[in-house]
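The values are calculated or read from the model by the stated rules, or taken from the named source; none is laboratory data. Everything quoted here is computed from the prediction, not taken from an experiment. FYI the Cβ positions are ideal-geometry reconstructions off the backbone, even for glycines, and counts take in every protein chain you see. Quick note on the areas: whole protein, heavy atoms, side chains included, nothing else; ligands and nucleic acids left out. Shrake-Rupley method; radii C 1.70, N 1.55, O 1.52, S 1.80 Å.
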Amino acid sequence: MQRRVKNRAIEKIVVTAAIAAVYAVLTAISSAFGLAFSGIQFRLSEALTILPVFSPYAVAGLTLGCFISNLASPFGIFDMVFGTLSTLIAAYLTRKLSCVTFKNVPILAPLPPVVVGAGIVGAMIAFLLPEGFSAYAFIFSALSVGLGQFVVCYGLGIPLFFLIRKLQLFKDE
């Protein structure tokens, strides 16, 4: 019994760390092309936001990976705090929505990163503009962040879901 508990703890650490590492690497690749921290963000790593459907450990892994990635953000401490908080909330909600399926596809699971990211990151960008916050700046920032999130979370996240399910990369949690 003791060994099973220890193995489960090690599994949790390994899965969490692996997801965090892959998220950070994919964000760095996106950043190299100017796509990670701009108004319209096409972070390849955001495709991984589908992972909480498969494992509760993905919530911590995505959050940690986002925090590590945001250490390089031009928005500094604000992105480390609010960008990471956005990912934590979105990953948690993705996990909760994973049971809502259409033909065994968690069609709503990619939605929290889109909506939460648009709201929190969009607000952060609008507040940090040199000219100061305005409703127009917030709406523009939220829509541009949300658009990027939508394209990646649905355009890459759903195909990633099918690939993971086909390859059975996660055991039933």
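Checking each residue in region 108-127 for being free of Cβ contacts under 8 Å to residues at least 40 places away in the same chain and over 21 Å from Ile40 (Cβ atoms) picks out only Leu108.
Of all the residues in region 3-24, those that are under 15 Å from the mean Cα position of the chain (by Cα) and surrounded by fewer than 16 Cβ atoms within 10 Å (Cβ to Cβ) number 3. When region 111-150 is limited to residues that are open to solvent by 70 Å² or more (accessible area, probe 1.4 Å) and among the aliphatic types (A, V, I, L, M), the one that is nearest to Ala90 (Cα to Cα) turns out to be Val115. If we keep just the residues of region 105-134 that are of a type in the set (Gly, Ala, Ser) and in a loop (DSSP other than H, G, I, E, B), which is farthest from Gly148 (Cα to Cα)? Among them, the one singled out is Gly132. Would a scan of region 45-52 turn up a residue that is farther than 20 Å from Leu147 by Cα, modelled with pLDDT of 95 or more and either open to solvent by 20 Å² or more (accessible area, probe 1.4 Å) or not in a helix (DSSP H, G or I) (or both)? The answer is no; no qualifying residue exists.
This table checks each residue for (1) on the phi > 0 side of the Ramachandran plot; (2) without any contact (Cβ under 8 Å) to a residue 40 or more places away in the chain; (3) not aliphatic (A, V, I, L, M).
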site: Ser55; (1), (2), (3): no, no, yes
site: Pro74; (1), (2), (3): no, yes, yes
site: Gly83; (1), (2), (3): no, no, yes
site: Leu129; (1), (2), (3): no, yes, no
site: Val145; (1), (2), (3): no, no, no
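Mind checking whether some residue in region 66-78 is over 21 Å from Gly34 (Cα atoms) and not polar (S, T, N, Q)? No; the residues of region 66-78 include none that is over 21 Å from Gly34 (Cα atoms) and not polar (S, T, N, Q). Evaluating Val81 against the criteria (1) surrounded by 19 or more Cβ atoms within 10 Å (Cβ to Cβ); (2) under 17 Å from the mean Cα position of the chain (by Cα); (3) part of a helix (DSSP H, G or I); (4) not hydroxyl-bearing (Ser, Thr, Tyr) leaves one unmet condition, (1). Under 6 Å between Cβ atoms, at least 6 apart or on separate chains: pull out the pairs that start in region 21-45 with a residue that is closer than 21 Å to Ala137 by Cβ and of a type in the set (A, V, I, L, M, F, W, C) and end on any residue that is open to solvent by less than 50 Å² (accessible area, probe 1.4 Å) and not in a helix (DSSP H, G or I). Here the result reads Ala36/Arg43; Phe37/Ser73, each pair linking region 21-45 to a residue that is open to solvent by less than 50 Å² (accessible area, probe 1.4 Å) and not in a helix (DSSP H, G or I). Checking region 25-39 against the condition returns no match, with no residue being within 10 Å of the chain's Cα centre (by Cα) and either crowded, with 21+ Cβ neighbours inside 10 Å or not in a helix (DSSP H, G or I) (or both).
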